[in-house]
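All remarks here apply to the structure that follows.
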Amino acid sequence: MTEEGGSIVTGPNQQPPGGGVPPSDPTVAWWERPGEGAGQNPAQADPTVLRGNIGAPGPYTAPPAATPYQSGANPYTAPPTPYQSGANQQPFAQPQQFPPPQPFAQPHYQAPQPQWGAPPRPPSSGNKTLWWVLGSIAVVAVLVIVGIAVAVNKATDSFGPDSDKWAGDYEFQKGKNACDLVDLSVLNQWATTRETTTHTEREPYEYIGGGSYNCDAKNKDSGRNADEASLSLQVEFKSDTGIESDYARWKSSDTRTTGKGHENGPVSGLGSEAYYASEQQIYGSIPNDYTYVVAAIDSNVSVKVEIEVSTMGSYDRAAMSTAAEAQVRKAMAALKK
C-alpha cells in the first residue's frame with residue numbers, strides 16, 4: 001500500500017485500511033463483501049456461514065487459485081480447434097463409405113400354363129388289375145339292374161288287372177252321354193219346358209274296374225205355382241273294392257222310411273233283382289210333391305231312376321211307375337254287351 005497525493009492506493013493483494021477484502025479481488029462475489037461501515041467481531045462469526053470472517057480485521061490472505069468445480073472457476077476448457085492459432089492442424093476425416101442398398105428381391109411367380117393335348121395316360125404297370133376289377137364290378141351292377149327290371153315286369157304282368165272280378169254282361173261305353181241312356185221326353189207329361197240338363201261320365205279304373213253314368217234333367221212350366229218334373233239317372237258298374245253294391249246301398253236308404261205317404265216293394269221281371277219306393281208330401285195350398293224310384297241290379301251293373309213331380313193336381317202313381325221302370329230297362333238295354 002502506498003500514499004500518492006494524500007490518497008491510499010492498494011494493490012491486488014493488499015489489505016485496505018482497517019482490514020477487509022480488497023475490492024480488486026476477483027474471487028470474492030459482491031454478496032460476500034461487507035457493507036460500508038460494517039464490521040464484525042470474528043469471535044462472533046457464524047461458523048455455519050461459508051467464509052463468515054471475510055470482513056474481519058487483520059491481514060488478508062487471498063484464497064488459493066480456483067480449481068474446477070469451485071465457485072468462480074470455469075471447469076471446462078475447450079479443446080483447440082483446427083482453426084485456432086497454435087493448434088495442430090488435423091486433416092478432415094472423410095465419412096466412411098457404404099455400398100448403396102440393394103433392392104429387395106421379389107419372389108418370381110409364374111402362372112401355371114394350361115396343358116393341351118391328350119390327357120396323361122393312367123399307370124399301366126401295377127394298376128391294370130385294379131381297372132379290370134372295377135370294370136367287372138360295373139358290368140355285374142348293370143346285369144343286376146337289368147335282372148331286377150325284368151323281374152319287376154314279370155311280377156307286374158302276373159299281378160296285372162284281373163277284369164274277371166268286375167266284368168259281366170254290361171260294359172262301360174267310352175264317349176257315351178249319360179242322358180242318352182234315357183228318354184227325357186217322359187217329363188213332358190207333367191211339365192213341358194226344359195229348364196236344366198246335366199250329365200257326368202266316369203270311366204272304369206284299370207285295376208279295380210267300376211265306372212259310372214249320371215244324368216239330371218228338369219222341366220218347369222211358367223206362372224205361379226207352375227208344375228215341375230225332374231228325372232235322375234244313376235248307373236254304377238261293379239268294382240273290385242270289397243264293399244257292397246250300389247244297388248244294396250240304394251235299397252237300404254230308399255226303403256228305410258215307412259208309414260203314411262211311403263210305400264215300397266219288389267219289381268218283377270227287371271234284372272236279377274229290382275225294387276220300387278214312393279213318397280207323397282201333400283201341402284194343400286201349394287204344389288204337392290210326389291217321388292217315385294225304381295232300381296235294379298243285374299250281373300255287373302246297378303241302375304236307378306228317380307222321378308219327382310211337383311203339381312197342384314192329383315197324384316198319378318201309375319204314370320210315374322211306368323215311366324221310371326221303362327227308363328231303367330232302356331238304360332240297361334243300352335249298356336248290355
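The values are calculated or read from the model by the stated rules, or taken from the named source; none is laboratory data. Predicted model, so just to flag it, every value in this text is computed and none were measured. Backbone-built Cβ (ideal geometry, glycine too); neighbour counts: all protein chains shown. Heads up: the accessible areas ignore ligands, DNA and RNA and are worked out on the full protein's heavy atoms, side chains in. Shrake-Rupley method; radii C 1.70, N 1.55, O 1.52, S 1.80 Å.
Check segment 249-256 and report whether any residue there is buried (at least 16 other Cβ atoms within 10 Å of the Cβ) and either closer than 19 Å to residue 178 by Cβ or touching a residue at least 60 places away in the same chain (Cβ under 8 Å) (or both).
yes
Residue 268 fails exactly one of the following numbered conditions: (1) open to solvent by 60 Å² or more (accessible area, probe 1.4 Å); (2) touching a Lys or Arg at 6+ places or on another chain (Cβ under 6 Å); (3) free of Cβ contacts under 8 Å to residues at least 40 places away in the same chain. What is the number of that condition?
If we test residue 268 against (1) open to solvent by 60 Å² or more (accessible area, probe 1.4 Å); (2) touching a Lys or Arg at 6+ places or on another chain (Cβ under 6 Å); (3) free of Cβ contacts under 8 Å to residues at least 40 places away in the same chain, just (2) comes out false.
Out of all the residues in segment 198-240, which are in contact with a Lys or Arg (Cβ under 9 Å, 6 or more places away or on another chain), more than 21 Å from residue 295 (Cβ to Cβ) and open to solvent by 10 Å² or more (accessible area, probe 1.4 Å)?
Answer for segment 198-240, where residues must be in contact with a Lys or Arg (Cβ under 9 Å, 6 or more places away or on another chain), more than 21 Å from residue 295 (Cβ to Cβ) and open to solvent by 10 Å² or more (accessible area, probe 1.4 Å): 203, 208, 220, 226, 227, 228, 240.
Which ones in segment 277-325 are basic (Lys, Arg) and either without any contact (Cβ under 8 Å) to a residue 24 or more places away in the chain or surrounded by 23 or more Cβ atoms within 10 Å (Cβ to Cβ) (or both)?
Across segment 277-325, the qualifying residue is only 304.
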